[in-house]
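Enquirer: Quick one: structure below, then a few questions.
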Amino acid sequence: MKRKDFYQLVQPLTDKLYRVAFALIPDDLQAEQLVIDGMNAFLLKERKSIMFREVDLTNKKETLILRRHYYKGILRFLIDIGSRRAIQLNEQMKITRPAEYNSFYSLDPKVRVVMSLRYDSQFTVEEIEDILFIPRFEIIEKVHNGRFLLLNDLNKGANL
């Protein structure tokens, strides 16, 4: 597969990748750069297996399976890079959080990304476990703690 074919294959994934990146770093430019960096890191790491793979892009089933595999692989790199970058940017730039989602963006970046993968990307706990390489109980804990904190914040807002 040529580099051009790879980008053609993953092009439909960019919106989904962007949503996860924005959950980590709530800044348009930084989220876009994170998607690019995640794709490039994946391509550099997996270039031998990608370049020597012959893919029939007209076969829809094969294309969907391969796209899902690449999506998960790119997410691994995107989340790894984005988690570190989110901590740096929060300390350096004090990125402004979108006002309407302040509760969500006040959560820890790792909790935000697990919540985003679970509810926005509709991944199962097992799939998130494969992507993030963290134990199942930790994923469930992050989902429940995130939901609890969001509900508490919502209840505080309703009582005002």
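The values are calculated or read from the model by the stated rules, or taken from the named source; none is laboratory data. Quick caveat: nothing in here was measured; it's all calculated off a predicted structure. Cβ placement follows ideal geometry from the backbone for every residue including glycine, while neighbour counts extend to all protein chains displayed.
Enquirer: Please list, ordered by residue number, the helices (runs of 4 or more DSSP H) wholly in region 29-147 having 1 or more residues that are at pLDDT 90 or above and crowded, with 19+ Cβ neighbours inside 10 Å.
Expert: Output list reads 60-92, 109-115, 125-132.
Enquirer: Taking region 14-48 only, how many residues are in contact (Cβ under 8 Å) with a residue 40 or more places away in the chain and within 25 Å of residue 108 (Cβ to Cβ)?
Expert: Number of matching residues: 16.
Enquirer: What number of residues in region 113-127 are of a type in the set (D, E, K, R) and in contact (Cβ under 8 Å) with a residue 60 or more places away in the chain?
Expert: So the answer is 1.
Enquirer: Further question: I'd like to know if region 100-111 contains one or more residues that are basic (Lys, Arg) and touching an Asp or Glu at 6+ places or on another chain (Cβ under 8 Å).
Expert: no
Enquirer: Mind listing just one residue for me: the one in region 1-13 that is buried (at least 16 other Cβ atoms within 10 Å of the Cβ) and closer than 28 Å to residue 104 by Cβ and, of those, nearest to the chain's Cα centre (by Cα)?
Expert: 13
Enquirer: Shifting gears a bit: Residues that are within 30 Å of residue 86 (Cα to Cα), in contact with a helix residue (DSSP H, G or I) (Cβ under 9 Å, 6 or more places away or on another chain) and aliphatic (A, V, I, L, M): does region 50-64 have at least one?
Expert: yes
Enquirer: How many residues are on the phi > 0 side of the Ramachandran plot and more than 15 Å from the chain's Cα centre (by Cα) when one looks only at region 102-160?
Expert: So the answer is 0.
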